[in-house]
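Quick notes on the structure that follows.
We did not get these values from a lab; they are worked out from the coordinates using the rules stated. Small disclaimer: the values here were computed from a predicted structure and weren't measured. Here the Cβ positions follow ideal geometry from the backbone for every residue, glycine too, while neighbour counts run over all protein chains shown.
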Amino acid sequence: MTEPSHAVFLSYASQDAEAAQKICDALRAAGIEVFLDQSELRGGDAWDQKIRREIHDCALFIPVISANTASRHEGYFRLEWDLADQRTHRIARSRVFVVPVCLDATTEVAADVPESFQRVQWTRLPGGETPPAFVERMKRLLSPELPPASAASGASPAIREPVRASRRAKSLLLAIVAVAACAGLAYLFADKIWVSKNLTPVPAAFAPPPHSIAVLPFVNMSGDKDQEYFSEGLTEELLDSLSRINELQVAARTSSFSFQGEHPDIATVAHKLNVAAVLEGSVRRSGQTMRITAQLINAVTGFHLWSKTYDRDLGDVLKLQTEIATAVAEALKVTLLGDVSAKIELGGTRNPAAFDAYLRASRAYQSRQGDEGIASAIAAYTEAIKLDPNFALAFAGRSYAVTNYIGNVATGAAIREGFEKAEADARRAISLAPELAEGHLALAFVSEAGTLDFARASEEYNQAAALAPGNAMVLSNGARFAALMGHFEAGIAAARRAVVLDPLGRISHSNLGRALYAARRYSEAAAAFADVISLNPTFKQSYGEQGLAVYGLGDFDSARAWCERDEDQRCLALVYHKLGRHADAEAALATLKAASGDDAAYTYATIYAQWDDRPKALEWLETAMRLRGGGLSNLKTDPLLDPLRKEPRFQAIERELKFPS
C-alpha cells in the first residue's frame, strides 16, 4: 500500500454506492484523482492505516449524505467522517477541506453529521447526478493557483470560491481594480446624495466564511418617512432572495437590521456578523416607479465588488430581485445551479398594490408591540390576498400571524375557529407553491401551537428546513421543536447553525437555550440565555428562563435572583418552595392564577409537580388537555414534569398527544 494519496476522498454508506460511483466517474473524467473504496472486506490494521492516510493527505473530503447515512449510527463511513472531522480542527483555517454532498432531502437536522459538516453549505446532487458546474468548481478548489479560502474552524462552505483575490495574477488584479473603480464611479453618479459608509479595511486576521454576506437596510431616499416600510420591506425581500441561493451564507434579517440607524462602517458589520461581503443601497420611490441603487463591498479588503442603479416599475419587483441576487452571486464568483429565478420568485406577486400591502403587513408584524400590531399585520395580509388571490407568501404570512394572535387573545370557540383559518391559509400557500418553505413553516407552527398535531408539525418543520437550509428562522424554530420532541443532538446542532446565521438575533439564541434546557444541559442553557440578555436586556422573559436553567443546576438562591428580576411568578413559586419560603411560593402561584385563570393550566401542573403534589399536577394537566391549552408541546421533555413520568395518568396523556418518535 505505497501508492500516492488521492486528491479527493469520497465517503459513502454502502447503500449509496451507485450514486457515489456516478460522482466519482464525473470527477475522474475531468482528470481528478478520487479515492472511492469499493472493497467489501473492510477493516484490519493495514486497511485502517490506508484509510487514515488517505483522509490525512487528501485535498478534499466529500461525505455523501442521504437518508441511509442519517438512519445509520454504525458503519465504516462513520469512522471516515470522524477522521475528517478531527482533521478540520487541525487543518489551517484558510484551507477548504470538507465538501458535503447530499443525495436527497436529508437536512443537517436529520443527518446526525459532525458539527464541522454543519458549519458549511451543502450541495445537493440528487441520485448522484453530477453537473459540469460541480466538477468545474472541484477543479478550481484543487487548483494550486487558487488562494486559500477563509473559513472558521478549518471548514469552508462547500464548493465555494474564496472572495479574496490577493494572490491572483497581476493582470487580473488590475482588471478587477479598474472594474471596481468604474463601478464605484457609476454608483456615486447614480444617486449623489447617498454616500456610502466608511470602508475601513479589515485586519488580515479576519477570516469570515467565503460567500457569506449581510444585507444592510436600504436607505429610504423618497423624502417621505411613511415610505420606510417600503425600503425596509424591499431589503428584506432581497435578503430572502439571496438566502434561497444554497451556495450563499446570508446573515439573518434580525442581525442585519440591528444596525439600522447606527451608521456603522463595513468593518464593524463584517466583524459582528462574520461575513465576507456586505450589500447596501438606497430606495427612491415615486408613485408606481422606484430607483434602487445597490453596491456590494468586499469586507476583507474594503473594495467595491459591484454596484448598479435600477429604474423599475413596482410590477417588476420580482424580476428585480432576481437581477440583483444574480448579480451579487456572480460578483462573489458563485456558480449558480438550477433555475435561480424560479427559487427567488417563488410565492411572490406581480401585482404592485398587493406587493405594497404585503410589505406593510411585514413591517407591522416585525415591529409589533403587542396584539394590536399583529391585528394590523393580519389586515394588511388580507388586503394583499384580496388583490392577488394567488399570493402564496401572503397566505403564509397571514397564517403565521393568525396562529400567534389566536394563541394570545382568543377564548372559547374562537380559538378553534382561528386555528382552522390559520391552517387553511398555510395549506393554501403550500398548494400555490409546494416548494415554499414559509408555507411549510406556517403549517408546522399552527400544527404545533394550534391543532396539537405534533407528527404533522415534525414533518413540516423538516420539510421547511430541507427547502430553506439557509433560513435562520426556519432552522431556529425547527431546532427548538426537534429538541422538545426529544431529538436533542439534532435540535441543538440546528440551533447552533441558526445562531451562526443570526448572531445578533434574540430568538436564535433563545431557541438554542430552550433546546439545551430540554436536553438538561443547564449550564450551556444558562450561557445561551445570558447571551439573550446581553443582546436585549429589556426582554424580561429571558431572566425567567435563565432562572429556570440555574434552578436546574440546583443553585436556588441564584435562580431566585433571576426570577425576581423578571417577576416570573412560576419561577418564583418554584424557587421559593425549594428555599423553604412556602408562604411566598403559595403567594406567587395565587398571583399567577389570578392573572391567567385556567389558561395557564399546564404551568400550574409544572409547579405542583415540582412541589411533589402529584394529584394536583395531574389534575391540572388533564385540564390543559381538555382546554387544548398552551404548553402541551413541552410535555414530552419538560424537566419540570419529570416527577410525573411514571404515573399512569401522565402516560395516558402522553399517549393521547401522539408525539412522534
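Some observations on this one:
- As a proxy for reagent exposure, ranking Lys308, Lys658 by other Cβ atoms within 10 Å from fewest up yields Lys658, Lys308.
- Stretchable slack from Glu420 to Ala590, in nm (0.36 nm times residue separation minus alpha-carbon distance): 57.9 nm
- Highest mean packing first, where packing is the average number of other Cβ atoms within 10 Å per residue, the peptides 564-570, 224-230 line up as 564-570, 224-230.
- Once the chain from Ala410 to Asp25 is taken as fully extended at 0.36 nm per residue, the excess over their C-alpha distance is 132.6 nm.
- Cross-link pairs Lys225/Lys540; Lys421/Lys636; Lys540/Lys636; Lys308/Lys333; Lys343/Lys421 - those with Cα-Cα distance over 20 Å: Lys225/Lys540; Lys421/Lys636; Lys540/Lys636; Lys343/Lys421
- FRET efficiency estimate (nearest 0.05) - Cβ-Cβ, Asp82 to Ser341, R0 35 angstrom: 0.30
- Unsatisfied cross-links (Cα-Cα over 28 Å) in the set Lys22/Lys139; Lys139/Lys319; Lys616/Lys658: Lys139/Lys319
- Coupling constants for segment 381-389 follow from the phi torsions by the Karplus curve (6.51 cos²θ - 1.76 cosθ + 1.60, θ = phi - 60°), and in residue order they are 4, 4, 4, 4, 5, 5, 6, 9, x Hz; glycine and proline get x.
- Computed label-point distance, nm, for sites Ser431 and Gln288 using a 7 Å Cα→Cβ extension: 3.1 nm
- Segment 360-432 shape via C-alpha gyration tensor axes, a/c threshold 1.5: oblate
- Extension gain for Ala17-Glu136 works out to 40.6 nm (0.36 nm per residue, less the C-alpha to C-alpha distance).
- Using R0 = 35 Å, the C-beta based FRET efficiency linking Ala379 and Leu627 works out to 0.80.
- Less than 5 angstrom separates the built amide H of Cys102 from those of Ile65, Thr123, Arg124, Leu125, all sequence-distant by 5 or more or on a different chain.
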